[in-house]
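S.K.: Structure below; questions to follow.
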Amino acid sequence: MAEKTKTLAKLRCEQCKRINYYKWKKKSADFKLNLKKFCRYCRRHLPHKEVRK
């Protein structure tokens, strides 16, 4: 059976603190995701950071 090489990362809005997006990320990556995405609650494009599980 093949090993899992990716994990699911949660992206949380920096302003309202709600989890809006999920993104696949390599297990070997040693950095946190930081993307500018649209928040449907704030209704603006804002930075979203990865949240640890």
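The values are calculated or read from the model by the stated rules, or taken from the named source; none is laboratory data. Note that the structure is predicted; figures quoted are calculated from it, not measured. Here Cβ is always computed from backbone atoms with ideal geometry, including for glycine, and neighbour counts include all displayed protein chains.
S.K.: For region 1-31, enumerate the residues that are within 11 Å of His48 (Cβ to Cβ) and among the basic types (Lys, Arg).
M.R.: Lys10, Arg12, Lys17, Arg18, Lys23 - these are the residues of region 1-31 that are within 11 Å of His48 (Cβ to Cβ) and among the basic types (Lys, Arg).
S.K.: Could you please find all residues in region 1-14 being part of a strand (DSSP E or B) and under 23 Å from Tyr41 (Cβ atoms)?
M.R.: Leu8, Ala9, Lys10, Leu11, Arg12, Cys13
S.K.: How do the pairs read when you match residues in region 27-53 that are polar (S, T, N, Q) with residues anywhere that are at pLDDT 95 or above and not in a loop (DSSP other than H, G, I, E, B), using Cβ under 8 Å and keeping only pairs 6 or more apart or on different chains?
M.R.: If the second residue must be at pLDDT 95 or above and not in a loop (DSSP other than H, G, I, E, B), the pairs left are Asn34/Pro47; Asn34/His48; Asn34/Lys49; Asn34/Glu50.
S.K.: Looking only at residues in region 1-43 that are exposed (fewer than 10 other Cβ atoms within 10 Å of the Cβ) and aliphatic (A, V, I, L, M), which one is nearest to the chain's Cα centre (by Cα)?
M.R.: Taking the candidates together, the pick is Leu8.
S.K.: Moving on to the next point. Go through region 15-53 and give me each residue that's assigned to a loop (DSSP other than H, G, I, E, B) and touching a Cys at 6+ places or on another chain (Cβ under 7 Å).
M.R.: The answer is Gln15, Cys16, Tyr41, Cys42.
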